[in-house]
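To start, the structure itself, in C-alpha cells.
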Amino acid sequence: MIEKKLTVKSVTGLHLRPAQELCNRALNYESEILFRFKNREFNAKSLLSVLSACVQQEDEIVLICKGGDEENAAREIADFIEHVPA
C-alpha cells in the first residue's frame, strides 16, 4: 500500500472535467485507488465519489493505492492531481 499527501493546485479544484480525467486514469490500473479528504475515503475510479468530495484549490488529500500496480498508479495519479489543468 502506498499513501501520498498531495495538494490540489487547480484553481477550480476537482470539478467535473478534472474529476472525469482522474477517474479515466485510475481505471487504467487494477489497484484500488482511493483518496482521503476530511476523514472520509473516496473511490478515485468513481466520478460521483470524486465529485462528492468537493475538493477545492489548495486542499490537501491523501492518495491511497493498493495492489499489484500500485507504484505506477500512485506516480501517475499523484502527478495528475498536483498538476491538474483548470
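Taking the stretch 7-21 on its own, how many of its residues are of a type in the set (A, V, I, L, M, F, W, C) and surrounded by fewer than 19 Cβ atoms within 10 Å (Cβ to Cβ)?
Restricting attention to the stretch 7-21, the residues satisfying the condition of being of a type in the set (A, V, I, L, M, F, W, C) are 8, 11, 14, 16, 19.
Okay, now just the ones that are also surrounded by fewer than 19 Cβ atoms within 10 Å (Cβ to Cβ), so 11, 16.
Here the count works out to 2.
Search the stretch 27-46 for residues being among the hydrophobic types (A, V, I, L, M, F, W, C) and not in a strand (DSSP E or B), and hand back the single one that is farthest from I2 (Cα to Cα). Out of the qualifying residues, it is L27.
The number of residues in the stretch 12-26 that are under 14 Å from E82 (Cβ atoms) and either in a loop (DSSP other than H, G, I, E, B) or small (G, A, S) (or both) comes to 2. For the stretch 65-85, state whether one or more residues are surrounded by fewer than 16 Cβ atoms within 10 Å (Cβ to Cβ), among the hydrophobic types (A, V, I, L, M, F, W, C) and at pLDDT 95 or above. Checking the stretch 65-85: not a single residue is surrounded by fewer than 16 Cβ atoms within 10 Å (Cβ to Cβ), among the hydrophobic types (A, V, I, L, M, F, W, C) and at pLDDT 95 or above.
Selection of the stretch 52-72 for residues being in a helix (DSSP H, G or I), closer than 16 Å to R36 by Cβ and of a type outside the set (S, T, Y) yields only E70.
In the stretch 10-50, the qualifying residues are those that are over 14 Å from V62 (Cα atoms) and in contact with an Asp or Glu (Cβ under 7 Å, 6 or more places away or on another chain), and the one that is modelled with the lowest pLDDT is G13.
Write out, first by first residue and then by second, each pair whose Cβ atoms fall under 8 Å of each other, whose residues are 6+ apart or on separate chains, and whose first residue, in the stretch 37-59, is in contact (Cβ under 8 Å) with a residue 60 or more places away in the chain and among the small types (G, A, S) while the second is loosely packed, with under 14 Cβ neighbours inside 10 Å and in a loop (DSSP other than H, G, I, E, B). From residues that are in contact (Cβ under 8 Å) with a residue 60 or more places away in the chain and among the small types (G, A, S), there are no pairs. In summary, E58 fulfils each of the numbered conditions (1) surrounded by fewer than 19 Cβ atoms within 10 Å (Cβ to Cβ); (2) of a type outside the set (G, A, S); (3) modelled with pLDDT of 95 or more with the single exception of condition (3).
The values are calculated or read from the model by the stated rules, or taken from the named source; none is laboratory data. Note that the structure is a prediction, hence the values are computed from the model and not measured. Please note: Cβ atoms are built from the backbone with ideal geometry, for glycine as well, and neighbour counts cover all protein chains shown.
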